[in-house]
Amino acid sequence: MKMNRYQADERGYYGEFGGAFIPEMLYPNTEELRQNYLRIMGEPDFQEEFRQLLRDYVGRPTPLYFAKRLSEKFKARIYLKREDLCHTGAHKVNNTIGQILMAKKLGKSRIIAETGAGQHGVATATVCALMGMECIVYMGEVDIARQAPNVARMKMLGAEVRPARSGSRTLKDATNEAIRDWINNPVNTHYIIGSVVGPHPYPDMVARFQAVISEEIKWQLKEKEGKEDPDYVVACVGGGSNAAGTYYHYLDNEQVGIIAVEAAGKGVDSGESAATSALGKVGIIHGSKTLLMQTGDGQITEPYSISAGLDYPGVGPMHAHLYKSGRADFIAITDDEAMAAGLMVSQLEGIIPAIETSHAFAIFDHRTFKPDDIIVINLSGRGDKDLQTYIDYFKL
Amino acid sequence: MNRIQEKMRSGHKLLSIYFTAGYPKLEDTVPVIEALDEAGVDMIEIGLPFSDPLADGPTIQASSTAALKNGMHTELLFRQLKGIREKTDIPLIIMGYFNPVLQYGVEAFCKKCREVGIDGLILPDLPLDVYQEEYEPLFKANGLLNVFLITPQTPNERIRKIDEGSDGFIYMVSSASTTGARDGFGPEQRAYFERIHSMGLKNPQIVGFGISNADTFAQATTHAHGAIIGSAFIKMLTEDGKTGIAPFIRSIRKSP
Ligand SMILES: Cc1ncc(COP(=O)(O)O)c(C=O)c1O
């Protein structure tokens with residue numbers, strides 16, 4: 001078996017997906033990063049600082065928790081990887097810690113980021129405060145109105161939140177604005193992208209920073225089950241960063257099943273969905289060739305999901321390849337199924353998950369498992385940010 | 001010889017205009033081309049609107065959004081352009097993002113371009129290496145010149161590579177920026193214009209981004225062979241409509 005079949009090659013391709021489809025104005029920016037990221041990530045002092053911050057600031061390793069009541073209910077051995085216990089409440093901070101250190105190494109003084117629900121924006125504002133760097137977060141005007149608490153958190157942390165007023169005024173447009181900013185500020189600025197999307201080397205770099213998730217799962221599972229490999233790893237997929245981190249060290253181990261959970265919104269065929277693998281065609285978004293929701297004319301369409309964090313019309317090129325190659329099993333979960341699963345996990349395990357994460361807990365109506373199957377579900381974030389949505393939905 | 005290459009041989013400084021197809025009104029594409037031709041511009045870039053134009057500033061973003069709302073799409077553009085070569089010989093270039101071309105089918109797109117009489121393409125997010133590996137023969141077979149961009153940050157060796165891979169002209173982006181009108185060029189830009197001039201490239205250079213009036217046109221073309229006006233033209237078109245085209249072009253042409 002050829003190794004690394006599911007990781008990026010040196011030009012940033014995962015099978016036919018990935019690459020860097022960027023205008024020349026961005027070439028120097030991404031080229032600087034491309035030429036340096038692996039070297040910098042390999043430097044001992046970089047690794048030391050990254051590990052130290054993950055430990056002392058983020059609170060890693062996050063627990064791998066055997067979910068007893070869930071396991072009883074679904075008759076399998078279910079473990080939860082507790083990324084919700086990371087500082088700022090989600091896995092996003094693993095990436096922003098890595099990238100802020102990268103930015104420092106590259107001598108940058110100004111940070112830009114995009115955000116949809118605000119989780120990545122908060123994680124970026126947090127590390128900018130930590131490092132004393134200027135921070136500008138682009139956020140769609142529509143999302144600013146929907147996600148007021150996270151806007152307030154970013155401001156409290158000293159970031160400037162700039163509304164993206166173009167197009168549909170949501171995550172994809174915020175990403176466009178961040179890219180435009182980077183075009184206009186090519187020298188002093190680093191763009192901290194929030195998922196395994198964008199032009200090479202972003203998908204690979206972000207996946208490597210998030211890979212700490214599966215690195216920990218391996219030794220934690222060894223401690224608990226006497227073996228490193230579960231039967232399945234499960235994660236929700238928006239852009240795909242928490243999923244990439246959860247799968248990373250298992251990608252080329254075909255004994256481990258990979259389950260990717262997408263947001264079906266009101267149903268895959270309802271016209272209001274974010275199930276990119278089912279609805280997307282090969283296309284180019286934000287500099288990456290991937291599966292993309294678009295019109296027959298190649299205009300990018302607006303996805304829908306009750307969870308703002310899964311509301312992206314594309315998907316990372318790694319996941320497009322996992323889908324196309326059949327390596328991963330993709331399941332689309334509706335709003336209603338996700339909300340019900342979120343309530344179930346809250347009341348069975350005493351953990352309120354982010355609505356993004358709740359999607360991953362709804363797979364049990366779609367797949368059956370054997371009683372001795374070991375299933376690791378990445379609990380990518382906590383539900384504090386979503387309380388209002390839960391309350392409105394359940395009329396609590 | 002391709003119409004673009006022929007035009008590059010002429011002695012005067014070339015004025016090229018960018019506008020968005022289907023803007024301000026859906027049926028304006030051909031009338032705008034005719035008015036520009038009549039007003040004496042040298043070359044026209046027809047913008048194929050895209051939902052996510054990430055290299056463009058607010059003016060062209062807005063015109064793209066409006067054109068899409070008007071109902072503009074790729075097939076319609078080709079329908080509108082049918083017969084254009086009975087009306088004018090001016091070099092015509094389609095400028096757009098790669099995704100709509102990819103969805104249309106690159107081969108089908110190139111064939112259609114040939115059919116209606118398009119001379120070249122500018123697809124800023126189709127990188128040089130991908131073009132050369134996958135699409136160059138298709139472009140060439142259909143008589144299409146592919147135009148690449150360079151910026152003040154593009155390293156010299158890459159400029160040489162782009163020069164090597166081009167055979168129409170090089171699109172010199174004036175500064176590190178998205179598209180948009182500016183008031184003038186500073187010493188940094190002038191140094192860049194001079195640096196590129198002194199490289200002695202085989203392809204002529206046409207400067208774009210930030211050119212809005214006679215002054216900036218003159219500054220941009222001190223060394224270069226011509227310049228492209230986009231945002232400033234669209235702004236004028238938004239405010240004055242098609243009757244503003246001839247006076248606008250006259251105002252650029254008058255020596256400062
Ligand atoms: C808790 C949580 N999970 C998942 C996601 C989706 O992103 P990704 O697919 O990159 O992990 C988000 C995005 O905001 C999130 O906040």
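The values are calculated or read from the model by the stated rules, or taken from the named source; none is laboratory data. Please read these numbers as outputs of a predicted model, since none were measured by experiment. Please note: Cβ atoms are built from the backbone with ideal geometry, for glycine as well, and neighbour counts cover all protein chains shown. The area values use the complete protein model at the heavy-atom level, side chains included, leaving out ligands, DNA and RNA. Shrake-Rupley method; radii C 1.70, N 1.55, O 1.52, S 1.80 Å.
The table below gives the values:
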read-out: Strands (runs of 3 or more DSSP E) fully within region A:1-116 counting 2 or more residues that are open to solvent by 10 Å² or more (accessible area, probe 1.4 Å) and under 24 Å from A:HIS249 (Cβ atoms); value: A:64-66
read-out: Where a residue in region B:58-84 is within 14 Å of A:SER166 (Cβ to Cβ) and its partner, wherever it lies, is open to solvent by 60 Å² or more (accessible area, probe 1.4 Å) and outside any helix (DSSP H, G or I), with Cβ under 9 Å and at least six apart; value: B:PRO58/A:ARG165
read-out: Complete set of residues in region A:243-271 that are open to solvent by 10 Å² or more (accessible area, probe 1.4 Å) and part of a helix (DSSP H, G or I); value: A:TYR248, A:HIS249
read-out: Selection from region B:30-48 of residues that are within 12 Å of B:LEU237 (Cα to Cα) and either open to solvent by less than 10 Å² (accessible area, probe 1.4 Å) or in contact with a Phe, Trp or Tyr (Cβ under 6 Å, 6 or more places away or on another chain) (or both); value: B:VAL32, B:LEU36
read-out: Whichever residue in region A:182-198 is more than 9 Å from chain B (Cβ to nearest Cβ) and away from the ligand (no atom under 16 Å from the Cβ) and, among such residues, is most open to solvent (accessible area, probe 1.4 Å); value: A:ASN188
read-out: Residue count for region A:272-297, restricted to those that are out of contact with any Asp or Glu (no Cβ under 8 Å at 6 or more places or on another chain), assigned to a loop (DSSP other than H, G, I, E, B), away from chain B (no Cβ under 14 Å) and not polar (S, T, N, Q); value: 1
read-out: Answer residue from region A:171-181, given it is touching a Pro at 6+ places or on another chain (Cβ under 9 Å) and more than 9 Å from every other protein chain (Cβ to nearest Cβ) and is least open to solvent (accessible area, probe 1.4 Å) among those; value: A:ALA174
read-out: Of the criteria (1) under 20 Å from the mean Cα position of the chain (by Cα); (2) away from the ligand (no atom under 16 Å from the Cβ); (3) at pLDDT below 95, which one A:ASP384 fails; value: (2)
read-out: Matching option when the condition is aliphatic (A, V, I, L, M), in contact with a Pro (Cβ under 9 Å, 6 or more places away or on another chain) and closer than 17 Å to B:THR88 by Cα, among B:ALA35, B:ALA39; value: B:ALA39
read-out: Region B:68-87 - residue that is open to solvent by 50 Å² or more (accessible area, probe 1.4 Å) and within 12 Å of chain A (Cβ to nearest Cβ) and, of those, farthest from A:GLN299 (Cα to Cα); value: B:GLU75
read-out: Considering residues of region B:54-67 that are open to solvent by 10 Å² or more (accessible area, probe 1.4 Å) and in a loop (DSSP other than H, G, I, E, B) only, the residue nearest to the other protein chains (Cβ to nearest Cβ); value: B:LEU54
read-out: Number of the condition not met by B:GLU107 [criteria: (1) out of contact with any Leu (no Cβ under 6 Å at 6 or more places or on another chain); (2) more than 14 Å from chain A (Cβ to nearest Cβ); (3) touching a residue at least 12 places away in the same chain (Cβ under 8 Å); (4) open to solvent by 20 Å² or more (accessible area, probe 1.4 Å)]; value: (1)
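For every residue, the table says whether it meets (1) closer than 28 Å to B:GLY143 by Cβ; (2) in contact with a Cys (Cβ under 7 Å, 6 or more places away or on another chain); (3) away from chain A (no Cβ under 12 Å); (4) of a type in the set (D, E, K, R).
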| residue | (1), (2), (3), (4) |
| --- | --- |
| B:PRO155 | no, no, no, no |
| B:MET172 | yes, no, no, no |
| B:ARG182 | no, no, no, yes |
| B:PHE185 | no, no, yes, no |
| B:TYR192 | no, no, yes, no |
| B:SER198 | no, no, yes, no |
